[in-house]
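The values are calculated or read from the model by the stated rules, or taken from the named source; none is laboratory data. Values in this document were obtained by computation on a predicted structure and should not be read as measured data. For neighbour counting, all protein chains shown are included, and Cβ atoms are generated from backbone atoms with ideal geometry for every residue, glycine included. Only protein heavy atoms, including side chains, enter the accessible area calculation; ligands, DNA and RNA are left aside. Shrake-Rupley method; radii C 1.70, N 1.55, O 1.52, S 1.80 Å.
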Amino acid sequence: MATRIWPVMKLATKVTIAGGAVYVAYDSGLLGNSEQGSEALQKAKAVIPPAMEEWMKYFGVEAQLPTIPKIEFSPVDAWNSGIRWTVSNLSEAPTKATEYTSQGLQYLKDLTK
């Protein structure tokens with residue numbers, strides 16, 4: 001009987017961890033709009049280094065943490081420009097497909113002459 005319960009317990013543990021991760025991501029604003037994601041990034045930058053140092057002291061690990069790199073661009077602007085580029089290319093896709101098809105047909109016609 002214990003052999004039947006073990007796979008169920010493993011699955012329940014994995015589902016619980018995944019659900020907790022999704023909840024934490026949603027609660028911290030990572031799944032919101034780009035401004036909420038940017039705010040969550042700023043909060044993480046302020047909280048993670050002190051927490052790492054505390055854990056290192058707790059476990060007796062002596063190591064120098066690397067410094068946090070400076071981000072010289074706005075994640076909000078980068079996200080929005082990526083979305084604009086994607087939507088623009090998707091809107092041009094039917095026209096480009098028609099152009100490429102006609103070019104391909106013309107090429108085949110020229111080959112058969």
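What the table shows:
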{"item": "Positive dipole terminus of the chain, leading residue within 21, 5, 48 (C-beta point charges)", "result": "5"}
{"item": "Residue-normalised accessible area of the chain, expressed per residue, 1.4 Å probe, Å²", "result": "90 Å²"}
{"item": "For region 1-44, the Rg and Dmax computed from alpha carbons only, in angstrom", "result": "16.1, 51"}
{"item": "Relative contact order (%) - criterion: Cα under 8 Å, at least six apart; region: the chain", "result": "16 percent"}
{"item": "Among (1) 1.28; (2) 1.00; (3) 1.19, the entry that matches Rg/Rh (Cα atoms, Kirkwood Rh) as calculated here", "result": "(1)"}
